[in-house]
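Before any comments, here is the structure.
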Amino acid sequence: MEHILSGYKVLDFTHFLAGPTSTRIMAEMGAEVIKVELFPNGDAVRQLPFMKDGRSGYYVQQNRGKKSLCINVKDPKGLEIIKQLLKTVDVVTENYSVGAMARMGLGWEEIHKINPRIVMSSITAFGQTGPLSHLSGFDAIGQAYAGVTDMIGDPNGPPSFPMLGIGDVMTGVHALAAIGFALLHREKTGKGQYLDTTLLDSYFHCHEINVQIASCTKGAMVPTRNGSHHFALSPAGIFKGRKRYIFIAGLLHLWEPVAKAIGREDLLTDPLFETNELRVVNNEALVEIIENWIQSQESDEAALKILEDMHVPVAPILSVKEAMDHPHLIERGTVRTIKDPVIGEFQVPGMPLRFSDFPNDLPLEAACLGEHNREILSDYLAYSDRDIDALYAANVIKTEGV
C-alpha cells in the first residue's frame, strides 16, 4: 500500500519514546524505517510492560512498521555496515545523549561527508549547545526545567506528575515537522541538513500565556498552578458534577452563554463577576454557583447537553478506559485495534495525521530483535548469505525471538 512517504528511507537510531514517535509516524506514512538496535539487547523498552511471552506491548505500539537491525557498531565491521547504509537513506534519526553518535564515529560531520543529501535529526533533553547540553534526561526532566511541572497540581501541595508521555510524544512530532520541511528544502536545493530538537524547547513552546504575562508585568503577575481552575481566566476549569467531573471553558466571550445556560443572566451585570478579572478574584464563589447548578440537574449528561446546546466548550472528564470505548474515538481511528502475532489483538493510539489522498491505515507489525538483519544486508548492500553468516558468527549482528 502506498502512502505519502512511500519511497523515503530512514535509518533510525532512536530508543524509548521521543525519537521512536517520529519514526513510527514516518512508518505509518509509508517510509521504510530501519531501526538500528544496539547489540546485544536492542531498545530497552523491549522490557517494558505489558509483557507476554517476552513481547512488550510498549515496544509494539511505538515500533510497528519498522525493520529491526541488531548490530554491534563498536565492531569495525558493524560500523562499516552503518556507513554503507547511510549512503542509501534519506534521513537518519537519533536520540542519544549529546556526543554519543560522534563517539560511535557517526557524528554529523562524518555522516554529511558520507551522504551530503541526508537529513539528520537529533532529539535530546536540552540540545546540542548550552550550559545544560551535557545532561541527559527523560520527558519529566525537560518538563521540570521548562517551568511546566510547576504549573500542574494543587497550589497548596507539591507539583503533580502527568501519567503520560506528553513531552516525549510532542517533541517527537516537533522533530517530525522539522524532518518534513528539511526534506522539502532538500527537494528544492539538493542539500541535507542537521536538526536539533529538544524536550526543553518543545515544552517551553507550550506556554501560551504564562511567559508573556510574567514578562509584560515585569513579574508583578506570577503564573502559578491553581489546582482545578485557571489562574488567569474564569470560569475555566474542572467542576464537580453528580457522578463525574466536567471541564467547562466559559472564558471571555463564552461567559455569557454559560450564564444563560445555567439560568443566571443576572451574573452578567453582577459587580462580582462582570469582567474576567473580577471573576478570577471571585472564582471560588463562581465555581460554587456553577457546581450547584450542575448537581441540580437530572444527570451530568443533562447538564452537558444544556451547555453544549449553548455552544459552550464542555467535556466530561473521561477515564482512559472510557476514552478507549468512546464511539467517536473508535470511528475516527483515534483509538485503533491492532493485531500482534505474540500478544494478539489490543488497542493503541491511532495515526494522528490525516491525508485525503491516503485515507487508510497501513497494516504494520513490530519486528523481533534483528528480525530483518538478513533482508537489510542483502537487499540494501548486496551481502551474500555467506557474508551474513560470518557476521552472525563474529557477533556483529544478532537475531532473537523470531
Next item on the list: Once you've got the Cα coordinates, tell me which of LYS66/LYS321; LYS74/LYS339; LYS52/LYS77; LYS35/LYS339; LYS87/LYS398; LYS188/LYS339 are over 31 Å apart.
Entry: LYS74/LYS339; LYS52/LYS77; LYS188/LYS339
Note to self: On the Cα set of segment 1-109, report Rg and Dmax in Å, please.
What the structure shows: 13.9, 42
Check: In the neighborhood of PRO159, defined by Cβ-to-Cβ distances under 14 Å, what is the net charge if each Lys or Arg adds +1 and each Asp or Glu adds -1?
Finding: -1
Notebook entry, point to check: Which whole-number percent gives the relative contact order of segment 17-169, counting Cα pairs below 8 Å spaced six or more residues apart?
Noted result: 20
Margin query: Computed from the coordinates I sent, percent of Cα pairs over 40 Å apart equals one of (i) 30; (ii) 11; (iii) 18. Tell me the label.
Written below: (i)
Next item on the list: Return a whole-number percent for the relative contact order of segment 212-253, with Cα pairs under 8 Å and 6 or more residues apart as the contact set.
Entry: 25
Notebook entry, point to check: Within the chain, what's the longest stretch lacking trypsin sites (Lys or Arg not before Pro) that sit in DSSP loops with no more than 11 other Cβ atoms inside 10 Å?
Noted result: 1-217
Note to self: Please report the carbon-and-sulfur percent of the accessible area for the chain; probe 1.4 Å, protein heavy atoms only, DNA, RNA and ligands left out.
What the structure shows: 56
Check: Based on the alpha-carbon gyration tensor of segment 224-271 and its eigenvalue square roots a ≥ b ≥ c, which shape applies: rounded if a/c is under 1.5, prolate if not and a/b is larger than b/c, or oblate?
Finding: oblate
Item checked: aspartates and glutamates whose Cα lies under 16 Å from that of LYS191, excluding same-chain neighbours fewer than 8 positions away -> ASP90, GLU109, GLU110
Checklist line | Antiparallel DSSP beta bridges within the chain, as percent of all bridges there, nearest 5 | finding: 45
Next item on the list: At most 12 other Cβ atoms within 10 Å plus a DSSP loop assignment makes a site exposed; report the longest stretch of the chain without any exposed GluC sites (Glu not before Pro).
Entry: 3-207
Check: In terms of solvent-accessible area of protein heavy atoms at a 1.4 angstrom probe, what is the ranking of MET324, MET26, highest value first?
Finding: MET324, MET26
Notebook entry, point to check: Along segment 87-103, what does the Karplus equation 6.51 cos²θ - 1.76 cosθ + 1.60 (θ = phi - 60°) give for ³J(HN,Hα), rounded to whole Hz, x for Gly and Pro?
Noted result: 6, 9, 10, 9, 9, 10, 10, 7, 9, 7, 5, 4, x, 5, 5, 5, 5
Notebook entry, point to check: Considering only protein heavy atoms, what per residue accessible area in square angstrom results for the chain with a 1.4 angstrom probe?
Noted result: 51
Checklist line | Local net charge near VAL281, Cβ-Cβ under 15 Å (Lys/Arg +1, Asp/Glu -1) | finding: -4
Notebook entry, point to check: For the chain, what is the relative contact order in percent, using Cα pairs closer than 8 Å and at least 6 residues apart in sequence?
Noted result: 18
Check: If you add up the charges near LYS87, with Lys and Arg at +1 and Asp and Glu at -1, over every other residue whose beta carbon is less than 13 angstrom from its beta carbon, what do you get?
Finding: +1
Check: When we measure straight from the Cα of LYS260, which lysines land under 16 angstrom away, once same-chain ones fewer than 8 places off are left out?
Finding: LYS305
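The values are calculated or read from the model by the stated rules, or taken from the named source; none is laboratory data. All figures in this text were calculated on a predicted structure; none of them were measured in a lab. Heads up, the Cβs are rebuilt from the backbone with ideal geometry, glycines too, and the neighbour counts pull from every protein chain shown. The area values use the complete protein model at the heavy-atom level, side chains included, leaving out ligands, DNA and RNA. Shrake-Rupley method; radii C 1.70, N 1.55, O 1.52, S 1.80 Å.
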